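Every number in this text was worked out from the coordinates using simple rules, so none of it is lab data. The shown structure was predicted, so the numbers you read here are calculated from the model rather than taken from an experiment. Please note: Cβ atoms are built from the backbone with ideal geometry, for glycine as well, and neighbour counts cover all protein chains shown.
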Amino acid sequence: MSTHIGAEPGQIAPTVLLPGDPLRARWIARTFLDDAECHSEVRGMLGYTGTWRGQPVSVQGSGMGQPSMSIYVNELLDDYDVQTVVRVGSCGALTERVAIRDLVIASGACTDSSMNRLRFGGLDYAPVADFGLLRAAYDAAAAREDVTAHVGLILSGDTFYNPRPELTAPLVEHGVLAVEMEASALYTLAAAKGRRALAICTVSDHVVTGEETTSQEREETFGAMVEVALEAALGA
Ligand SMILES: O=P(O)(O)O[C@H]1O[C@H](CO)[C@@H](O)[C@H]1O
Ligand SMILES: O=c1cc[nH]c(=O)[nH]1
């Protein structure tokens, strides 16, 4: 066991899908994996390991925000030697170029968090996706007719209820497509430890149009994103 994950060494696969919502993790395991077994219920942050097309894969809930996600990713990388992490999240669209339920594949992540400022002593590090995963995810999404995918920048915010929404406008003017809460720290941790990471998010809310999905839809209906993530990490 690690401090926050109740799996024995060897129970977690080298490839992990990482939704924030632990119930999305359960749905992914039950819907997409064969022979999935729950390896962790610590704090209700469910983790499962099974196979996809015969290859081992795990799915682990990571909670909301960079501090929570970083706990799970540090332990996955350090204690379980995980090599590839693909976040399968939800996000809010910041521009009408992106529609509700589209996929945003984050090539890089801006942030208002102090985590990287502390790590880099005030320098502005640019957290980016693993290019091989990014390319494979885009190819997998482009081959589908049921979803539209965008590759671009995402904002990993520390606040879901943003007290200064006017600060987002310059980011949108510089190409940021959507907001979520984890990708920046995920990309930084993977880079620090020489592992592969990618964040794919389904647009669950549209900040411009006001459209939104229900909590049940966010939990159980973002299947295209999951299949794209599995293809990118394990296909071919
Ligand atoms: O749906 P998940 O993966 O949790 O992602 C998004 O949803 C949560 C906020 O509702 C934040 O964690 C945000 O990043
Ligand atoms: O608007 C949104 C939707 C999902 N996740 C976020 O962080 N923000």
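Residues that are of a type in the set (A, V, I, L, M, F, W, C) and under 14 Å from ASP102 (Cα atoms): does the range 155-164 have at least one? Within the range 155-164, none of the residues are of a type in the set (A, V, I, L, M, F, W, C) and under 14 Å from ASP102 (Cα atoms). Taking the range 132-183 as the range and being over 26 Å from ASN74 (Cβ atoms) and of a type in the set (Asp, Glu) as the test, the residues that pass are ASP139, GLU145, ASP146, GLU166, GLU173.
Within the range 159-172, residues that are more than 14 Å from ligand 2 (Cβ to nearest atom) have Cβ atoms under 9 Å from residues that are among the acidic types (Asp, Glu) in these pairs: ARG164/ASP112; LEU167/ASP112, counting only partners at least 6 apart in sequence or on another chain. Does VAL203 satisfy the criteria of being in contact with a Lys or Arg (Cβ under 7 Å, 6 or more places away or on another chain) and among the aliphatic types (A, V, I, L, M)? Spelling it out, VAL203 is indeed in contact with a Lys or Arg (Cβ under 7 Å, 6 or more places away or on another chain) and among the aliphatic types (A, V, I, L, M).
When restricted to residues that are farther than 15 Å from HIS4 by Cβ and within 15 Å of ligand 1 (Cβ to nearest atom), the range 67-97 contains 10. One residue is enough: does the range 208-231 have a residue meeting the conditions assigned to a strand (DSSP E or B) and either more than 29 Å from VAL82 (Cα to Cα) or within 16 Å of ligand 2 (Cβ to nearest atom) (or both)? Taking every residue of the range 208-231 in turn, at least one turns out to be assigned to a strand (DSSP E or B) and either more than 29 Å from VAL82 (Cα to Cα) or within 16 Å of ligand 2 (Cβ to nearest atom) (or both).
Do you know which residues across the range 183-228 are out of contact with any Cys (no Cβ under 9 Å at 6 or more places or on another chain), within 14 Å of ligand 1 (Cβ to nearest atom) and either of a type in the set (D, E, K, R) or free of Cβ contacts under 8 Å to residues at least 12 places away in the same chain (or both)? Of everything in the range 183-228, those that are out of contact with any Cys (no Cβ under 9 Å at 6 or more places or on another chain), within 14 Å of ligand 1 (Cβ to nearest atom) and either of a type in the set (D, E, K, R) or free of Cβ contacts under 8 Å to residues at least 12 places away in the same chain (or both) turn out to be GLU212, THR214, SER215, GLN216, GLU217, ARG218, GLU219, GLU220, THR221. Among the residues of the range 138-156, those identified as of a type outside the set (Asp, Glu), more than 16 Å from ligand 1 (Cβ to nearest atom) and in contact with a helix residue (DSSP H, G or I) (Cβ under 7 Å, 6 or more places away or on another chain) are ALA140, ALA141, ARG144, VAL147, ALA149, VAL151. Being touching a strand residue (DSSP E or B) at 6+ places or on another chain (Cβ under 9 Å) and of a type in the set (Asp, Glu) is a property that ASP81 lacks. Considering only the range 187-200, I want to know if a residue exists there that is of a type in the set (Val, Ile, Thr) and over 12 Å from the mean Cα position of the chain (by Cα). Looking through the range 187-200, at least one residue is of a type in the set (Val, Ile, Thr) and over 12 Å from the mean Cα position of the chain (by Cα).
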